[in-house]
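Below you will find the structure I want to go over with you.
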2 protein chains.
Amino acid sequence: MHLFFPRREGLSGAASAEFLIDVHQRQPDSPRKGSESFVMRPTVNDIAREAGVSLATVDRVLNARPGVREKTIKAVNDAIARLGYVRDLTAANLARSRSYRMAAVLPDTESQFVQSLAQALTDAGQVAATTRIELNLLRFPPEDPHALAALLSRLPDSGYAGVALMAPETPVVRDAVRALRARGLPVVALVSDLPNTGRDHFIGIDNRAAGRTAGVLMGRFLGGGPGQVLVLGSSLLARDMVERRRGFDEVMLRDFPGIEVLQSLETHGSGRTLRQVVTEMLANVPDARGIYAMGDGLRALTQALEELGLSGKLTVICHELTPHARKALEGGEITAVITQNLGHLARSTLRVLRAKADNLPLDAGQEQIRIEIVLRENLPPRPDVSLDSDTDTTEAAA
Amino acid sequence: MHLFFPRREGLSGAASAEFLIDVHQRQPDSPRKGSESFVMRPTVNDIAREAGVSLATVDRVLNARPGVREKTIKAVNDAIARLGYVRDLTAANLARSRSYRMAAVLPDTESQFVQSLAQALTDAGQVAATTRIELNLLRFPPEDPHALAALLSRLPDSGYAGVALMAPETPVVRDAVRALRARGLPVVALVSDLPNTGRDHFIGIDNRAAGRTAGVLMGRFLGGGPGQVLVLGSSLLARDMVERRRGFDEVMLRDFPGIEVLQSLETHGSGRTLRQVVTEMLANVPDARGIYAMGDGLRALTQALEELGLSGKLTVICHELTPHARKALEGGEITAVITQNLGHLARSTLRVLRAKADNLPLDAGQEQIRIEIVLRENLPPRPDVSLDSDTDTTEAAA
DNA sequence: ACCGAAATGAGGTACGCACCTCAAAAATGC
DNA sequence: GCATTTTTGAGGTGCGTACCTCATTTCGGT
């Protein structure tokens, strides 16, 4: 792909715009309506003329079709460079008349995080529908890898061009993913990586680094100690929890030896268990000063703290800016949230799936999902990924 | 604009994909190459048939042209809804043969921030060139609002369809922006808002909130005090500095009364001045424990600290993740960086300009630039917006 | 110089939509 | 019921590219 480089003005350039007028300006045959002035971009026909070859040859070069001499290829490429030609992707895609049906496969849980993610994907899918991309959300029973595998195996025949999957990497799932890829379907891992499946891409954050980030915040917020810190983790995506814990410990041990980090409490996704465990624990550890909640169950946690009269008295760091986390942050019940932008994640998913389906390169910078730190003070004004969907149903009919 | 809503599976839906098969599946007249299966989306012709009207009428309705009875409009819209039609924007834009020449106007300084921003805009412009958008970078002498105004006044006749502007809001500039808008050119403020110009949009962060964020971090990192904190600010964009300071003070006074925040030191963009001032100040304030660097000049600051043997001994918080800030963060010379994602900012700029030029609505969530907190532990692995440009010149020819 | 093979040219159709013109039909007013 | 206006239909062209076919030219080897 040959890109058009807008001329760059030197840093010491004068503040004059004149010399930036595009050289390739052509007179439109007929004047258009409105006051817009048009700068015609070079097309494939211009390349053909410039290179002194036929349109067919230009096409062969542009689309890497065989049967063109090296010399001719070079001539065409030179013309392309000379004219500053950029393929018009909208026209190209139209001509290809490609459309993309993608699947996003998520566990069927009621966790606010998964629901927010589903909403973000749905929103992104709506926008993407205008560019010939269709995204279907599929759910699987979270504790049933075989059902998931069965679902995945049905995808290729249902006309899907790509799959985004959020699931723990069990052997069954691993094989299912491999089978998908063997059939030519790109698979991207969502939120939690599937490192041993050969997935085409991972869209999410580095959980080890996220754990480290939580660690520094906890350590510094506690002033380096002394004190004790509780760590809670659900096991929906066990690997992620392990990595977060590892990152957290790494920093705490190295930089904050004065703080004692207690063993992880596994709450297995149950709110009741969590409340029980936390209450019990806090009774036994009276000088606990912080809690690192690695997984779900924030609601249960804040409730437990509330009941113990500890709301706002501990440094609480959790993951994922769900609606509840937002509220707790605003209310001072929790201190910081480590999160990822689900809107970005969803849009990135579609971009990556599409790029993989077309075998195109990615813009690594754009697809990089960042580990965000949210405090009450930098809470984004509008819901990040909200559960109220109908706020933006704007009409474009002018 | 009518959007196509991908069917949403209920949260309790079974894990079956079968019923998601699109109803509008048509048999392609001739089988295509490859194993892809095509799900044809409804087109304007389908609407015409479904609504029992002609193509011309559908077109009139879709493009809000006059001369159609209410009743007919409704019939068409019903058909659209029934078919789940979504306008193919790529085809629409192609047919309109619209192209967009945009200008990004930046001060011609050597600050790493402005340079990174310029690079980010250039990169975004390259990608956007494939969708009929051209972005030209223009620079103006930073201390010369009249030159800027003159530059701006020349834009409409140079065929520009929109302007993104990073500049302090002086009266001259304010008038120039108003004049642009009067001539129908959308103007978006970049990085620093231009609230009294009627600009169409502001792309950047809330500096007050950014200051507050810096405040919490400083306060908590210092354990609530006691201690003294220096505040440095250059005056390139004076309003931004004032807002950051205001936010910072707000939090410090309210939440960390034990910490004394000293008066802002204005360094006027000069590295030498900054070093001098900081050195002097630190000599007089021996129990200074933190520095909040609101503006440019990080290089000079770290150098001064180095010379004083204070590297890594103070809590230093600054703005903008420039290459130097990144290095200083990695080296432990500074503690935290409040920043905005310049890649996002640049892409957002183009999206917003284009939406404004077409008078289309925005996706507020996507255009929201976030206040990011970067610590050594959540430093994005690859340069955010780097100064090395040629790393990503990927070839798409398969 | 001749052959087969490779390279190139010429021209067409299609993609989905915007936008135009002109004629025909339907609705409206009186 | 007539004239007038409004609404609708039919059909065409073009946007920039992909992809196809078939003829023609050029090349490489002998």
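What number of residues within the stretch B:124-156 are at the interface with another protein chain (Cβ under 7 Å from one of its Cβ atoms) and assigned to a strand (DSSP E or B)?
7
Just give me the residues in the stretch A:209-225 being at the interface with another protein chain (Cβ under 8 Å from one of its Cβ atoms) and either assigned to a helix (DSSP H, G or I) or within 24 Å of the chain's Cα centre (by Cα) (or both), in sequence order.
Hits for the stretch A:209-225 are A:209, A:210, A:212, A:213, A:215, A:216, A:217, A:220, A:221.
Need the failing condition index for residue A:389 against (1) open to solvent by 50 Å² or more (accessible area, probe 1.4 Å); (2) under 24 Å from residue B:364 (Cα atoms); (3) modelled with pLDDT under 90, just the number.
Every listed condition holds for residue A:389 apart from (1).
Next up: Quick check on the stretch A:46-69: of everything there that is open to solvent by less than 50 Å² (accessible area, probe 1.4 Å) and either in contact (Cβ under 8 Å) with a residue 40 or more places away in the chain or not small (Gly, Ala, Ser) (or both), which residue is nearest to residue A:81 (Cα to Cα)?
Here the answer is A:47.
Checking the structure you have, find out if any residue of the stretch A:72-83 is more than 30 Å from residue A:270 (Cα to Cα) and part of a loop (DSSP other than H, G, I, E, B).
So far as the stretch A:72-83 goes, no, none of its residues is more than 30 Å from residue A:270 (Cα to Cα) and part of a loop (DSSP other than H, G, I, E, B).
What about residue B:60, is it within 40 Å of the chain's Cα centre (by Cα) and modelled with pLDDT of 90 or more?
So residue B:60 fits the description; yes.
Which pairs have Cβ atoms under 7 Å, sit 6 or more apart or on different chains, and link a residue in the stretch B:145-169 that is open to solvent by 10 Å² or more (accessible area, probe 1.4 Å) to one that is assigned to a helix (DSSP H, G or I) and of a type in the set (Gly, Ala, Ser)?
Qualifying pairs under 7 Å: B:149/B:176; B:153/B:176; B:153/B:179; B:161/B:357; B:168/B:238.
While we're looking at this one, here's another question. Taking the stretch B:69-82 only, how many residues are within 13 Å of DNA strand C (Cβ to nearest atom) and more than 13 Å from chain A (Cβ to nearest Cβ)?
6
For the stretch B:99-108, name all the residues that are out of contact with any Lys or Arg (no Cβ under 9 Å at 6 or more places or on another chain) and not aliphatic (A, V, I, L, M).
Passing the criteria: only B:101.
Please state which one of B:233, B:224, B:247 is outside the structural domain of residue B:109 (by TED's automatic domain parsing) and open to solvent by 10 Å² or more (accessible area, probe 1.4 Å).
On inspection, the qualifying residue turns out to be B:224.
Have a look at A:196, A:136 and point out the one that is in the same structural domain as residue A:113 (by TED's automatic domain parsing), open to solvent by 10 Å² or more (accessible area, probe 1.4 Å) and of a type in the set (S, T, N, Q).
Result of the check over A:196, A:136: A:196.
If you go through the stretch A:84-99 one residue at a time, how many are at the interface with chain B (Cβ under 7 Å from one of its Cβ atoms), assigned to a loop (DSSP other than H, G, I, E, B) and either within 6 Å of DNA strand D (Cβ to nearest atom) or surrounded by fewer than 18 Cβ atoms within 10 Å (Cβ to Cβ) (or both)?
Total meeting the criteria: 2.
So, one more: Looking at A:114, A:172, can you tell me which residue is surrounded by 19 or more Cβ atoms within 10 Å (Cβ to Cβ), in a helix (DSSP H, G or I) and free of Cβ contacts under 8 Å to residues at least 60 places away in the same chain?
Being surrounded by 19 or more Cβ atoms within 10 Å (Cβ to Cβ), in a helix (DSSP H, G or I) and free of Cβ contacts under 8 Å to residues at least 60 places away in the same chain holds for just one of A:114, A:172, which is A:114.
Residues that are modelled with pLDDT under 90 and closer than 30 Å to residue A:349 by Cα: does the stretch A:38-45 have at least one?
No, the conditions are met nowhere in the stretch A:38-45.
Here is a yes/no grid of residues against (1) at pLDDT 85 or above; (2) of a type in the set (A, V, I, L, M); (3) touching a Phe, Trp or Tyr at 6+ places or on another chain (Cβ under 7 Å); (4) open to solvent by 50 Å² or more (accessible area, probe 1.4 Å):
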site: A:365; (1), (2), (3), (4): no, no, no, no
site: A:378; (1), (2), (3), (4): yes, no, no, no
site: A:383; (1), (2), (3), (4): no, no, no, yes
site: A:393; (1), (2), (3), (4): no, no, no, yes
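The values are calculated or read from the model by the stated rules, or taken from the named source; none is laboratory data. It should be emphasised that the depicted structure is a prediction, and the values quoted were computed from it without experimental measurement. Note: ideal-geometry Cβ built from the backbone for every residue, glycine included; neighbour counts use all protein chains shown. To get the accessible areas, we keep the full protein, side chains included, count just its heavy atoms, and leave off ligands, DNA and RNA. Shrake-Rupley method; radii C 1.70, N 1.55, O 1.52, S 1.80 Å.
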